[in-house]
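What follows draws every value from the coordinates through simple rules; no lab data is involved. Just so it is clear, the structure is predicted and the values come from calculations on it, not from any experiment. Positions of Cβ are backbone-derived with ideal geometry, glycine not excepted, and every protein chain shown enters the neighbour counts.
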Amino acid sequence: NSVLERFLLYFHANKLSINPSKTKYILYPPRKKNININSSTKEICMNGGTIERVQSIKFLGIIINCKLSWTEHKQYVYRKVSKTIGILTKCKEVMTYQELIAMYKTFIQSYFLYGLEIWGHSIGKSDILAKLQAKVIRHMFDCKRTLDAWSASNERILPIDELYKKTIVRLCTKHHLNQLPPYFSKEIMPNKICDKEKDNADGKPVYSLRSTGKSCYDYDHTSTNSSIFADSCAKIWNNQSYDIKRIPYNMLVLYASNYKI
């Protein structure tokens, strides 16, 4: 409480305002330790008012909960997307497939892409958003089977897990081209493995880069201090083909037709 009071004095001294009634806080208990936080937590007060403790909160459009899982955020996206299915139903009667896909990317895919770098690693084949997307695709192309619907889309619509991979590849590309903020690159992104030629099991180089002057980096995914985000970036980037990982020519590949989102 004394720390919050100092914050309040700082705000007042700099002519900034803060509303304690709109201020919330979350406690993140250790996952592996059985600690009863409720019994040991005191009230937190600011400016004479008690700050409310919540289990989840929306921050910049992303719902974060005390367990650091993305279940509530995905349910939020699920509700948002479900409300827009009716729009596609009406558009389907008067629009071509190409126009309908453009409407899908405007009203539905935009929800999937927002903050996908943060929560996309939790998407699986049986995830509620993956099932919802399959339902929307079946509805758009009048198919009873999901496989038939994806075939009808002709790769003009990507599954949500593929959207996540493409988003991460673009982020890693910016990392390699030094287009990310320095702090983000150093503290958040995984560590680069040096751009020396790699050897396969036969002792032969996989890529010959010395004569071309091009660089091809991989990420280190063995660090014990790496986060889930860093591990996910490393796994996705390291599995990309040489054409994708070339520097600086990979930007041309990323924006080719088969990599458009």
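State, to one decimal in nm², a quarter of the convex hull surface area for the C-alpha atoms of region 19-160, i.e. the direction-averaged projected area.
Mean projected area for region 19-160: 11.4 nm², to one decimal.
Suppose every Lys and Arg Cβ carries +1 and every Asp and Glu Cβ carries -1, with no other charges. What dipole size does region 1-128 come out with about its Cα centre, to the nearest 20 debye?
240
Which of the peptides 4-11, 78-85 is most tightly packed, and how do the rest follow, judged by the mean count of other Cβ atoms within 10 Å per residue?
By packing density, highest mean first, the sequence is 78-85, 4-11.
Which ³J(HN,Hα) values, rounded to whole Hz and listed in residue order, are derived for region 129-138 from phi using the Karplus coefficients 6.51, -1.76 and 1.60 in 6.51 cos²θ - 1.76 cosθ + 1.60 with θ = phi - 60°, glycine and proline given as x?
6, 5, 5, 5, 4, 4, 5, 5, 5, 4
If the chain between Ala13 and Gln179 were fully stretched, how many nm would it gain, using 0.36 nm times the residue separation less the Cα-Cα distance?
56.1 nm
How far apart, in nanometres, would the label points at Asn154 and Ser126 be if each is projected 7 angstrom from Cα along the Cα-to-Cβ direction?
Here the answer is 3.5 nm between the modelled labels.
Give the average over all directions of the projected area of the C-alpha convex hull of region 88-132, one decimal, in nm².
In nm², the orientation-averaged hull projection of region 88-132 is 3.7.
Could you tell me the calculated FRET efficiency between Asn239 and Thr71, based on Cβ-Cβ distance and R0 = 25 angstrom, to the nearest 0.05?
Computed FRET efficiency for Asn239 and Thr71: 0.40.
Please list the non-local residues whose amide H lies under 5 Å from the amide H of Tyr219, H modeled 1.01 Å from N, same-chain partners needing a gap of 5 or more.
It is Ile193, Asn238, by chain and number.
Hull surface divided by four, with the convex hull built on the Cα atoms of region 134-197: how many nm²?
About 6.7 nm², averaged over all directions.
Measuring from centroid to centroid over Cα atoms, what is the spacing of region 1-15 and region 88-104 in Å?
Here the answer is 53 Å between Cα centres.
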